[in-house]
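Here is the structure we will look at, set down as structure tokens.
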Amino acid sequence: MTLSALDENHPHLHASTYVAESAQIIGNVWLAAKSSIWFQSVLRGDSDQIVIGEETNVQDVTICHVDPGFPLEVGARVTVVHRCILHGYTINDDCLIGMGAILMNGVRIGEGSIVRAGSLLLEGTEIPSFSLATGSPAKVKKTYGQDILGQIR
């Protein structure tokens, strides 16, 4: 694993965090308890903050980056599946982000939501809690009850 400071900002990892040896964590990045960052993923907090919540996993070859004024915040128990590109957004607790999804600046995803593989969420897109979003550009296709949490977790 590569941990790199950038100016006065450096990564902060909880003792229980797992970071794969080929992952890179750069700058203003905070990883909460029991979170995990997998192989060849890059989290680059160079121009704003990245926060990864408890028990959240960011899987292989995912890129997380920020722009000034667009921090990247991921809640607890979120799964970000392989090869996603995540840029300055908010994901609330208990979400699933499918393979190859792209999330642009200002995206907000409500609790318990699912973003299908390959979806593109354009700048400022808001997905309500307990929703399924899919497509390019992504749109809400279905809503769920809170019972979906048992399947996501």
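Highest-first packing order for the peptide set 134-144, 18-28 is 18-28, 134-144, based on the mean count of other beta carbon atoms within 10 Å. Listed options for Kirkwood radius over Cα pairs in Å are (i) 14.9; (ii) 16.3; (iii) 20.6. The value calculated from this structure is the one marked (i).
Across the chain, Cα pairs under 8 Å and at least six residues apart give a relative contact order of 12 percent. For residue 39 and residue 126, a Förster radius of 41 Å and the Cβ-Cβ distance give a FRET efficiency of 0.85, rounded to the nearest 0.05.
Readers should treat all values here as calculations from the given coordinates under stated rules, not as data from a laboratory. All of these numbers come straight from a predicted model, not from anything done at the bench. Using ideal geometry, Cβ is built from the backbone for each residue, glycine included, and neighbour counts are taken over all protein chains shown.
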